[in-house]
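The values are calculated or read from the model by the stated rules, or taken from the named source; none is laboratory data. This one's a predicted model, so the numbers in the text were calculated from it and none came from an experiment. FYI the Cβ positions are ideal-geometry reconstructions off the backbone, even for glycines, and counts take in every protein chain you see. Just so you know, the surface numbers come from the protein's heavy atoms only, side chains and all, with ligands and any DNA or RNA stripped out. Shrake-Rupley method; radii C 1.70, N 1.55, O 1.52, S 1.80 Å.
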Amino acid sequence: MTIDLHTHTAFSDGTDSPAQLMSAAVAAGLDTVAITDHDTTEGWAPAAAARPEQMVLVRGAEFSTHYRHESGRVSVHLLGYLFDPAAPVLLAEVARLQDDRLHRGMAIVDRLIAGGVPISRQQVLEIAGDAPVGRPHIGRALMAAGLVNSVTEAFEVYLAGNGPYYVDKADTELFDAVALVRAAGGVPVLAHPRSRSAARATDAALLGRLADAGLAGVEADHPDHDAAARAELRAIAGPLGLIVTGSSDYHGTNKAIRIGQERSTAEALAAIVAASSGTTGLLGPGA
Ligand code: AMP
Ligand code: ZN
Ligand code: FE
Ligand code: FE
């Protein structure tokens with residue numbers, strides 16, 4: 001099996017429509033793909049409709065969370081798979097996150113404008129469309145203004161978390177987010193735990209406490225992880241009984257990463273399915 005468990009469509013901050021993402025998945029030789037847009041499940045139905053007959057679709061989402069570490073507040077991303085998208089607790093939190101993304105995105109745009117950058121609120125809203133607003137949408141506006149050549153460069157020059165234009169967004173406390181995904185019948189998997197600031201908090205002790213609290217897995221193979229990080233996460237996950245996944249975190253042309261660049265095993269996927277409540281199953285052959 002050729003499985004990629006973490007991708008973004010234009011329903012969040014990727015650039016592919018669900019149909020384009022399915023074509024890209026086929027072209028990359030995948031037989032299973034998860035869509036995990038930030039803070040939304042709006043892409044689930046279009047992805048299901050666009051799913052080629054031979055493709056297995058895993059429905060999920062990626063949530064931004066924070067953990068209060070001794071070094072300060074640390075941003076950690078959490079993937080949720082196969083949860084009930086209509087679970088009231090989840091709907092309420094998703095609505096709060098999406099509303100704040102709009103205000104926070106506009107606050108970043110206002111700071112850029114005040115700094116003399118020639119972009120507009122309207123332009124960023126048009127780029128985002130119906131998606132929860134994210135910094136990559138602002139990055140595309142900066143590209144359109146001719147200020148940068150890629151979204152990655154926009155992050156380096158204008159959008160970094162420690163930069164002058166940055167504004168925090170609302171997120172969910174990490175342990176609360178794990179509980180929320182479980183309460184909705186889903187399977188929580190820590191996304192790229194060794195990327196950026198998350199790396200300083202996600203040690204064996206924290207992963208142990210998270211596993212006790214319901215965390216089901218960790219994403220070890222991810223473009224942000226070097227070989228040492230991958231090996232250490234596997235070593236921590238084993239004794240805790242955590243599922244180990246691998247995923248590209250594909251964003252279309254918003255990131256220089258190919259779909260299917262990192263993969264998960266059939267065993268990992270089977271363990272995710274077994275850990276879910278069954279309200280939202282896999283779609284496709286064998287499902
Ligand atoms: P936000 O969710 O608005 O805080 O924006 C952060 C998102 O932007 C992350 O979840 C990634 O999808 C994306 N991102 C972060 N760093 C970069 C980068 N250097 N280049 C392109 N996209 C990035
Ligand atoms: Zn993203
Ligand atoms: Fe992420
Ligand atoms: Fe992601």
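Among all stretches of the chain without exposed GluC sites (Glu not before Pro) (DSSP loop, at most 12 other Cβ atoms within 10 Å), which one is longest? Longest site-free region, per DSSP loop and neighbour criteria: 71-287.
Keeping every protein chain present and rolling a 1.4 Å probe, give me the accessible area per residue for the chain in Å². Ligands and nucleic acids excluded, the result is 40 Å² per residue. Shape summary: region 4-157 maps onto an equivalent ellipsoid whose semi-axes, from the alpha-carbon gyration tensor, are 28, 21, 15 Å in decreasing order.
By the Stokes-Einstein formula, at 1.567 mPa s and 4 °C, the chain with its Kirkwood radius over alpha-carbon pairs has D equal to 68 µm²/s. Here the simple spin-label model places points 7 Å from the Cα toward Cβ, and for Ala107 and Asp203 these points are separated by 3.2 nm. 3J(HN,Hα) along region 226-231, derived from phi through the Karplus expression 6.51 cos²θ - 1.76 cosθ + 1.60 where θ = phi - 60°, amounts to 7, 4, 5, 4, 4, 5 Hz, with x in place of Gly and Pro. Based on Cα atoms of region 5-86, Rg over Rh with Rh as the Kirkwood radius reads 1.06. Here region 214-279 has 56 percent of its accessible surface on carbon and sulfur atoms, given a 1.4 Å probe and all protein chains in place. Annotation: amide H of Thr245 within the under-5 Å range of Val218, Glu219, Ala220, Asp221, sequence separation 5 or more or interchain, hydrogens built in the peptide plane. Put Asp224, Asp37 in order of accessible area, highest first, and with a 1.4 Å probe you get Asp224, Asp37.
Once the Kirkwood radius over Cα pairs is known for region 154-230, the Stokes-Einstein relation at 4 °C and 1.567 mPa s delivers a diffusion coefficient of 91 µm²/s.
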